[in-house]
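The values are calculated or read from the model by the stated rules, or taken from the named source; none is laboratory data. Computed from a predicted model, the values in this text were never measured in an experiment. All Cβ positions, glycine included, derive from the backbone under ideal geometry; neighbour counts span all protein chains shown.
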Amino acid sequence: MNSKSRKKALCYFFEKVVRPLGFKFTPDAELMDFLLEQEMVLEGKHGVPFCPCQPLRHDRARDMQIVCPCIPFHRKHFAAIRRCWCGLFVHTDVLDPNTLPQLSPKEAGLE
Amino acid sequence: MSEMFVRAISADEIAPGGMKTVEVDGNEIVICNCGGKFHAVRRRCGHMNAPLEMGTLDGKYLTCPMHCAQFDVESGQAISGPVPPDFGGESPSPIFGKYLQNIDVLMKHVRTESIRTYATKLENGWVSIAVTSL
């Protein structure tokens, strides 16, 4: 199996989900490649591409909420920080993801 | 050996995103309509020979109905192996667990191979497939 082709396929599938939600892939190509690589490893192990920056809790209901792209499950928080937790996706209007502040839900005024 | 195109199916028989099996010269072939562009691949999955036309086609990516291995129908390349079983956080029953252990030992050696592709041609509303003849 070719990891380049798999990453391309993941991009194809993810794009269809994230675009209508107002998100796009991060413009940081190196980060994007790294995160997709990690997702491929998780997919090989668990069968689904979990978010590479979140721990698995072995509680199916919670774990399913961190299957990439997990935007639909955490929309309020992601809308406040204009990116997803790992940074694979950013709001469509974001040009430089490094300028985005990383706020917890509490700091973002969501709790 | 030479390659010749054989008229296989009328293009309007497969809606975009659809697939259909045909038999050409003894070869079982799945013709995929990827948004108006036709691709032809071997019918059997490169993992465990499941019939691929029963799976799903999303763009140029075909997912096998049996264990969800995925293939790129343009190149025939296997892009993902079978999905491991998921018990939703519950452990399987002891008997089934034992069975799975044995199956795992056997399946460890099973690889997901890429599938063969066939050149296609769309002419006068017909999809033709290139088959090799002696």
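Is it the case that the stretch A:68-87 has a residue that's within 14 Å of chain B (Cβ to nearest Cβ) and closer than 18 Å to B:Val83 by Cβ?
No: the stretch A:68-87 contains no residue that is within 14 Å of chain B (Cβ to nearest Cβ) and closer than 18 Å to B:Val83 by Cβ.
Among residues belonging to the stretch B:70-88 that are under 25 Å from B:Ala11 (Cα atoms) and among the hydrophobic types (A, V, I, L, M, F, W, C), point out the one that is surrounded by the most Cβ atoms within 10 Å (Cβ to Cβ). Talk me through it step by step, then tell me what you get.
Of all residues in the stretch B:70-88, those under 25 Å from B:Ala11 (Cα atoms) come to B:70-77.
Narrowing further to those that are among the hydrophobic types (A, V, I, L, M, F, W, C): B:71, B:73.
On the way: B:Phe71: 30, B:Val73: 24.
Among those residues, the one meeting the criterion is B:Phe71.
Considering only residues of the stretch A:58-78 that are farther than 24 Å from A:Lys45 by Cα and in contact (Cβ under 8 Å) with a residue 40 or more places away in the chain, which is surrounded by the fewest Cβ atoms within 10 Å (Cβ to Cβ)?
A:Arg75
For the stretch A:51-67, how many residues meet the condition of being of a type outside the set (S, T, N, Q) and away from chain B (no Cβ under 13 Å)? Lay out the reasoning, then the answer.
At the first step, the residues of the stretch A:51-67 found to be of a type outside the set (S, T, N, Q) are A:51-53, A:55-64, A:66-67.
Within this subset, residues satisfying the condition of being away from chain B (no Cβ under 13 Å) are A:51-53, A:55, A:66.
Here the count works out to 5.
Please verify whether B:Ser128 is hydroxyl-bearing (Ser, Thr, Tyr) and part of a strand (DSSP E or B), treating the condition exactly as stated. Before the answer, list the steps.
Values: hydroxyl-bearing (Ser, Thr, Tyr): yes; part of a strand (DSSP E or B): yes.
Yes: the conditions hold for B:Ser128.
Which residues, taken from the stretch B:112-125, are outside any loop (DSSP other than H, G, I, E, B) and among the basic types (Lys, Arg)?
As a first pass, look at the stretch B:112-125 and keep what is outside any loop (DSSP other than H, G, I, E, B): B:117-118, B:120-123.
Within the stretch B:112-125, just B:Lys121 meets the criteria.
Out of the stretch B:77-99, which residues are within 14 Å of chain A (Cβ to nearest Cβ), farther than 22 Å from A:Val41 by Cα and either of a type in the set (D, E, K, R) or under 27 Å from the mean Cα position of the chain (by Cα) (or both)?
Listed by number, the list holds a single entry, B:Glu90.
Just need a number here: residues in the stretch A:79-111 that are surrounded by 13 or more Cβ atoms within 10 Å (Cβ to Cβ) and in a helix (DSSP H, G or I).
4
With the stretch B:1-95 as the region, which strands (runs of 3 or more DSSP E) entirely inside it contain at least 1 residues that are over 24 Å from A:Glu15 (Cβ atoms) and among the polar types (S, T, N, Q)? Give the derivation first.
On the way: elements: B:2-10, B:19-24, B:27-34, B:37-42, B:56-58, B:61-63, B:70-72, B:78-80.
Where strands (runs of 3 or more DSSP E) fall fully within the stretch B:1-95 and carry at least 1 residues being over 24 Å from A:Glu15 (Cβ atoms) and among the polar types (S, T, N, Q), they are B:2-10, B:19-24, B:27-34.
Quick one: would you say B:Ser128 is in contact (Cβ under 8 Å) with a residue 24 or more places away in the chain and within 14 Å of chain A (Cβ to nearest Cβ)?
Values: in contact (Cβ under 8 Å) with a residue 24 or more places away in the chain: yes; within 14 Å of chain A (Cβ to nearest Cβ): no.
For B:Ser128, the condition - in contact (Cβ under 8 Å) with a residue 24 or more places away in the chain and within 14 Å of chain A (Cβ to nearest Cβ) - is not met.
Within the stretch A:5-50, work out how many residues are within 14 Å of chain B (Cβ to nearest Cβ), in a helix (DSSP H, G or I) and among the β-branched types (Val, Ile, Thr).
Of the residues in that region, 2 qualify.
Based on what the data block shows, is B:Val73 within 14 Å of chain A (Cβ to nearest Cβ) and at pLDDT below 90? I'd like the intermediate steps shown before the answer.
Working: within 14 Å of chain A (Cβ to nearest Cβ): yes; at pLDDT below 90: no.
Answer is no for this residue.
Taking the stated definitions as given, is A:Lys24 under 30 Å from B:Phe71 (Cβ atoms), more than 13 Å from the chain's Cα centre (by Cα) and among the charged types (D, E, K, R)?
On the way: under 30 Å from B:Phe71 (Cβ atoms): yes; more than 13 Å from the chain's Cα centre (by Cα): no; among the charged types (D, E, K, R): yes.
So A:Lys24 does not fit the description; no.
Let me confirm something: among B:His67, B:His109, which residue is surrounded by fewer than 12 Cβ atoms within 10 Å (Cβ to Cβ), under 20 Å from A:Val41 (Cα atoms) and either more than 9 Å from every other protein chain (Cβ to nearest Cβ) or of a type in the set (Val, Ile, Thr) (or both)? Give the derivation first.
Working: B:His67 fails: surrounded by fewer than 12 Cβ atoms within 10 Å (Cβ to Cβ).
So the residue among B:His67, B:His109 that is surrounded by fewer than 12 Cβ atoms within 10 Å (Cβ to Cβ), under 20 Å from A:Val41 (Cα atoms) and either more than 9 Å from every other protein chain (Cβ to nearest Cβ) or of a type in the set (Val, Ile, Thr) (or both) is B:His109.
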